[in-house]
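The values are calculated or read from the model by the stated rules, or taken from the named source; none is laboratory data. Quantities reported herein were computed from a predicted structural model and do not represent experimental measurements. When we count neighbours, we look across all protein chains shown, and the Cβ atoms used for this are built from the backbone with ideal geometry, even at glycine. The area values use the complete protein model at the heavy-atom level, side chains included, leaving out ligands, DNA and RNA. Shrake-Rupley method; radii C 1.70, N 1.55, O 1.52, S 1.80 Å.
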Amino acid sequence: MNLQVQEHNHPHILLLQIGNTFCKLPGGRLKPGENEIEGLKRKLSSKLAANSPSLQPDWQIGECVAMWWRPNFETTMYPYCPPHITKPKECKKLFVVHLSEREYFAVPKNLKLLAVPLFELYDNVQRYGPVISTIPQQLSRFQYNMIQQ
């Protein structure tokens, strides 16, 4: 999942930071038989939504921009499913999530919510890992029109 915000006329991706090092995208695993869009909304609400019903975000799930495959129990994920794998262990999908102009988030105490600019993610596998560091390439097919307020 990919939450985008605009800051200083440049797109940023919202990431959850665990401790002072590890970053991850908001989201999680689906329940058996669960629709991926509804499951994503459920995970976003459970991880980031405030407890107040009046502050619940209206999650607008956009298109899937990338799929990553884990063929077996190794940690490596690939941007394709290897042809010899018939039942991959995991498929991770990255969706664009459109946010309204203002949103309220409730972040668990053990996490930090970071807005990371695309230029910092680009080619930065050492810090963000192979999936998050390719988000700028995945989003390069989109044209962004920044609106000044």
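How much net charge surrounds Val65 when only other residues with a Cβ under 10 Å from its Cβ are counted (Lys, Arg +1; Asp, Glu -1)? Intermediate results must be reported in sequence, preceding the final value.
Working: positive: Lys93, Arg141; negative: Glu63.
Around Val65, the charge tally is +1.
For helix 36-48, report the angle its Cα long axis makes with the longest principal axis of the Cα atoms of the chain; keep it between 0 and 90° and round to the nearest 10°.
On a 0 to 90 degree scale, this one is about 50.
Quickly rank 20-27, 31-38 as a protection proxy: mean count of other C-beta atoms within 10 Å, highest first.
Numbers: 20-27: 14.9, 31-38: 10.0.
Ranking, from highest mean packing down: 20-27, 31-38.
Treating the beta-carbon of each Lys and Arg as +1 and of each Asp and Glu as -1, no other charges, what is the dipole magnitude of the chain about its Cα centre, to the nearest 20 debye?
540 debye
At what distance in angstrom do the alpha carbon centres of the stretch 46-86 and the stretch 88-149 lie from each other?
Measuring centre to centre over Cα atoms gives 12 Å.
Might you report the magnitude of the Cβ-based charge dipole of the stretch 43-96 about its Cα centre, with Lys and Arg at +1 and Asp and Glu at -1, to the nearest 20 debye?
180 debye
Taking a probe of 1.4 Å, how large is the accessible area per residue of the chain, in Å²?
64 Å²
Quick one: if the Förster radius is 25 Å, what FRET efficiency do Ala106 and Ala66 give, using the C-beta to C-beta distance and rounding to 0.05?
That gives a FRET efficiency of 0.40.
Roughly how many percent of the accessible protein surface of the chain is carbon and sulfur, given a 1.4 Å probe and a whole-percent answer?
Working: 4950 of 9560 Å².
That share works out to 52 percent.
Quick one: grab the alpha carbon gyration tensor of the stretch 30-123, order the square roots of its eigenvalues as a ≥ b ≥ c, and give me rounded if a/c is under 1.5, else prolate or oblate depending on whether a/b is larger than b/c.
Numbers: a/c = 2.14, a/b = 1.65, b/c = 1.30.
Here the stretch 30-123 falls in the prolate category.
Tell me which aspartates and glutamates have Cα within less than 12 Å of Lys93's Cα, excluding those fewer than 8 residues away on the same chain?
Of all the aspartates and glutamates, those that pass the test against Lys93 - Cα under 12 Å, at least 8 places apart if same chain - are Glu36, Glu63.
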